[in-house]
Amino acid sequence: MYENSGLDKEFNISNEVVNTEVVKKERKKPNILAKDDVEKDYEYTRGNLYSIIEKGQEAIDGILELAQESETPRAYEVAGQLIKSVSDATDKLMTLQQKLKDVNEEQKEKGPNTVNNALFIGSTAELGKLLKSNKIDQEETK
């Protein structure tokens with residue numbers, strides 16, 4: 001502790017010592033999104049993209065009309081940029097479709113995959129004899 005109450009009163013502060021101990025908090029793991037959440041997010045994003053595309057189309061019509069009337073290079077440049085923006089939005093809509101398809105495939109439960117492997121334990125000479133005897137047995141049964 002220090003003794004300097006004159007400055008404490010002047011600046012209207014207290015001379016209490018602040019606890020500087022760091023307390024670590026555990027981070028909670030994010031919950032896996034439920035299928036309903038994914039569908040809601042998809043519908044919301046899809047609606048926004050449709051709205052952006054429609055408004056972009058209206059803006060393109062307006063800027064093209066303005067560009068034709070004024071015949072200024074800047075108006076045509078803005079029209080080109082707007083067309084590119086609307087095109088990017090339509091690409092994002094298609095990407096959204098693909099992402100939803102990928103998420104749905106991940107959520108599908110896959111059945112158990114059974115792999116049956118035959119293992120031969122022995123020498124190559126024994127394997128050769130076994131294969132030769134199987135070949136002879138198959139020829140006799142024909």
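Derivation of every value follows stated rules applied to the coordinates shown; laboratory data play no part. On a predicted model such as this, the values are computed, not experimentally measured, just so you know.
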(Q) Can you give me the convex hull volume of the Cα atoms of region 78-142, divided per residue and expressed in Å³? (A) 255
Q. Is region 33-104 best put as rounded, prolate or oblate by its Cα gyration tensor, with a ≥ b ≥ c the root eigenvalues, rounded for a/c under 1.5, and otherwise prolate when a/b is larger than b/c, oblate when not?
A. prolate
Q.
How much length would be gained if the chain were fully extended between Asn104 and Leu119, taking 0.36 nm per residue of separation minus their Cα-Cα distance, in nm to one decimal?
A. 1.6 nm
Q | Added length on full extension, which subtracts the Cα-Cα distance from 0.36 nm per residue, Glu10 to Asp91 | A | 22.8 nm
